[in-house]
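Working notes, beginning with the structure itself.
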Amino acid sequence: MNGWPAWVWLVLGVLLMLAELVVPSFFIFWFGLAACGVAAVVAILPHGSLPLELGLWLVASLLLVVAWFRWLEPRWRRSRIGASDAAVGETGWVSEAIDPQRRGKVRFQRPVLGAEEWPAFADEPIGAGERVRVVAVEGQVVKVARLRQGRS
């Protein structure tokens, strides 16, 4: 049984990479890139069998996905859900005023524990727009303190 021609693998690869625009997971992209790699191999060695090509595509896909999650994925995208100590020390700004009797919201420049905005509380009133630092994480709420002038 002959395998697919190189152009079929190339079209499949491009379609999978374009599917990433519809399903923004940055996961399908690697399957498409692997299919393009198989297209290159089939163009050089055109007499392979379909099971061999599918096996090559599977192995290439797995290697690319593992490489992405292991070495290539930017560190800031990795969520450390459950690791509340990771948020302590992060700075952000108050997007909704905080009062000791009422929670507000804090927005971060980059996601902290998987989210850009968190419900927050403080021991003192802090107005919207002020810079704060996370001093603790208690459940689904961050405790913050106002950043004093002269500190980053």
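The values are calculated or read from the model by the stated rules, or taken from the named source; none is laboratory data. All values derive from a computational prediction rather than experimental measurement. Backbone-built Cβ (ideal geometry, glycine too); neighbour counts: all protein chains shown. Heads up: the accessible areas ignore ligands, DNA and RNA and are worked out on the full protein's heavy atoms, side chains in. Shrake-Rupley method; radii C 1.70, N 1.55, O 1.52, S 1.80 Å.
Tilt of helix 6-22 relative to the longest C-alpha principal axis of the chain, in degrees (0 to 90, nearest 10)?
20 degrees
Where q = 0.17 Å⁻¹, what log10 of I(q)/I(0) comes from the Debye formula for the chain, counting one point per Cα?
-0.89
Which ³J(HN,Hα) values, rounded to whole Hz and listed in residue order, are derived for region 100-107 from phi using the Karplus coefficients 6.51, -1.76 and 1.60 in 6.51 cos²θ - 1.76 cosθ + 1.60 with θ = phi - 60°, glycine and proline given as x?
With coefficients 6.51, -1.76 and 1.60, one gets x, 9, 9, 5, x, 9, 10, 10 Hz.
Using only Cα atoms and rounding to the nearest 10 degrees, what angle (0 to 90) does helix 28-44 make with the longest principal axis of the chain?
20 degrees
With the full set of protein chains in place, find how many percent of the accessible area of the chain is carbon and sulfur; take the probe as 1.4 Å.
In the chain, the share of accessible area belonging to carbon and sulfur is 64 percent.
Once both axes come from the Cα atoms, what is the angle between helix 50-67 and the longest principal axis of the chain, in degrees from 0 to 90, rounded to 10?
On a 0 to 90 degree scale, this one is about 20.
For a quick check, take a GNM of the chain with Cα springs below 10 Å and name the residue from GLY139, GLY32, GLY129 with the largest mean-square fluctuation.
Among GLY139, GLY32, GLY129, the largest GNM mean-square fluctuation belongs to GLY139.
Roughly speaking, what is the stretch gain from PHE27 to ASP123, that is 0.36 nm per residue apart minus the C-alpha to C-alpha distance, in nm to one decimal?
That pair, PHE27 and ASP123, stretches by 30.3 nm at full extension.
Taking loop as defined by DSSP and a crowding limit of 16 other beta carbons within 10 Å, which chymotrypsin sites (Phe, Trp or Tyr not before Pro) in region 1-48 fit?
Here the sparse-neighbourhood loop sites are PHE26, PHE27.
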